[in-house]
Amino acid sequence: MKDRIFLAGATGAIGRRLLPLLLDAGYEVTGMTRSQAKALAFRGRVSRMVVADVFDADAVMRALDSARPDIVIHQLTDLSALAGSPTTAIARNARIRLEGTRNLVNAALAVGTRRIIAQSISWAYGPGALPHAESDPLDVHAPEPRSITVGGINALENAVLHSPPLLGTILRYGQLYGPGTGVDAPRGASPLHVDAAAYAALLAVQHEAHGIYNIAELNADVLTDKARCTLGWRDDMRLPEDVVTDIAV
């Protein structure tokens with residue numbers, strides 16, 4: 001019997017690309033979104049969709065208690081304010097990574113979830129020789145506003161990796177581009193197509209992966225050998241055209 005999966009952020013940029021991959025692979029998926037409108041738009045495309053605010057610990061607990069997932073996948077971000085107010089977007093994402101992750105982890109522990117896979121970023125490393133491997137330290141002593149982002153990432157990763165008996169996996173994604181991201185072409189020092197990001201999460205599920213993985217196109221800033229060798233991941237992975245058409249929203 002396939003694992004039951006709870007996908008937090010199911011209607012986000014990565015979530016909506018990951019969702020059909022999980023369903024096609026035969027998993028029973030409960031998706032979570034904070035938007036009632038998005039939940040209605042995705043009705044029929046997921047085993048079950050729940051509406052909950054990740055900052056509402058009781059609502060998150062009820063959602064996971066109902067779903068009883070074997071695996072939680074945390075793909076939550078809040079980029080809605082990025083275009084108008086980057087400072088606000090940075091603060092919102094840091095809060096999701098700190099408070100939201102804590103609520104997901106606590107609920108997962110309470111209902112007996114075995115594994116949690118979470119989205120992180122590949123540009124939070126501290127100063128040092130390039131390219132960075134997963135064992136390199138994060139830039140926890142950075143000045144503001146970078147410290148807000150790195151502090152949120154550090155809290156997320158610690159909660160996911162150090163909450164036994166949960167087995168934790170961290171996917172340190174590069175700078176996303178592609179459908180739903182608002183960016184059409186590769187950007188940043190370690191770019192990553194949103195479809196390749198989604199496939200990394202699917203492969204992490206399938207390979208029972210744990211620990212930290214850099215997920216990005218080949219670049220001079222971060223090493224991605226671990227994901228390529230251990231997960232069989234490639235940066236040219238893309239969703240089939242018929243799936244792309246079906247999930248267009």
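Table for the structure above
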{"read-out": "Region 39-58, residues that are surrounded by fewer than 18 Cβ atoms within 10 Å (Cβ to Cβ) and assigned to a helix (DSSP H, G or I)", "value": "Leu40, Ala41, Ala57, Asp58"}
{"read-out": "Residue check, Val72 buried (at least 18 other Cβ atoms within 10 Å of the Cβ), among the aliphatic types (A, V, I, L, M) and part of a loop (DSSP other than H, G, I, E, B)", "value": "no"}
{"read-out": "For Tyr213: the one exception among (1) at pLDDT below 95; (2) touching a helix residue (DSSP H, G or I) at 6+ places or on another chain (Cβ under 7 Å); (3) of a type in the set (Ser, Thr, Tyr)", "value": "(1)"}
{"read-out": "Residues located in region 17-38, provided they are of a type outside the set (A, V, I, L, M, F, W, C) and not in a loop (DSSP other than H, G, I, E, B)", "value": "Arg17, Pro20, Asp24, Glu28, Thr30, Gly31, Thr33, Gln36, Lys38"}
{"read-out": "The listed residue being at pLDDT 95 or above, more than 30 Å from Asp65 (Cα to Cα) and part of a helix (DSSP H, G or I), out of Val150, Val140", "value": "Val150"}
{"read-out": "Members of region 156-195 found to be surrounded by fewer than 20 Cβ atoms within 10 Å (Cβ to Cβ) and at positive phi, listed by number", "value": "Gly180, Gly182, Gly188"}
{"read-out": "Selection within region 153-186 - at pLDDT 95 or above, of a type outside the set (A, V, I, L, M, F, W, C) and in a loop (DSSP other than H, G, I, E, B)", "value": "His162, Ser163, Pro164, Pro165, Gly174, Pro179, Asp184, Pro186"}
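Let's see how each residue does on (1) closer than 25 Å to Ala94 by Cα; (2) touching a Pro at 6+ places or on another chain (Cβ under 8 Å); (3) hydrophobic (A, V, I, L, M, F, W, C):
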{"residue": "Pro143", "(1), (2), (3)": "yes, no, no"}
{"residue": "Asn154", "(1), (2), (3)": "yes, no, no"}
{"residue": "Leu167", "(1), (2), (3)": "yes, no, yes"}
{"residue": "Arg187", "(1), (2), (3)": "yes, no, no"}
{"residue": "Ala197", "(1), (2), (3)": "yes, no, yes"}
{"residue": "Ala220", "(1), (2), (3)": "no, yes, yes"}
{"residue": "Thr230", "(1), (2), (3)": "no, no, no"}
{"residue": "Arg234", "(1), (2), (3)": "no, no, no"}
{"residue": "Glu241", "(1), (2), (3)": "no, no, no"}
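The values are calculated or read from the model by the stated rules, or taken from the named source; none is laboratory data. Just so it is clear, the model here is predicted, and its values are computed rather than measured. Neighbour counts run over all protein chains shown; Cβ positions are idealised from the backbone, glycine included.
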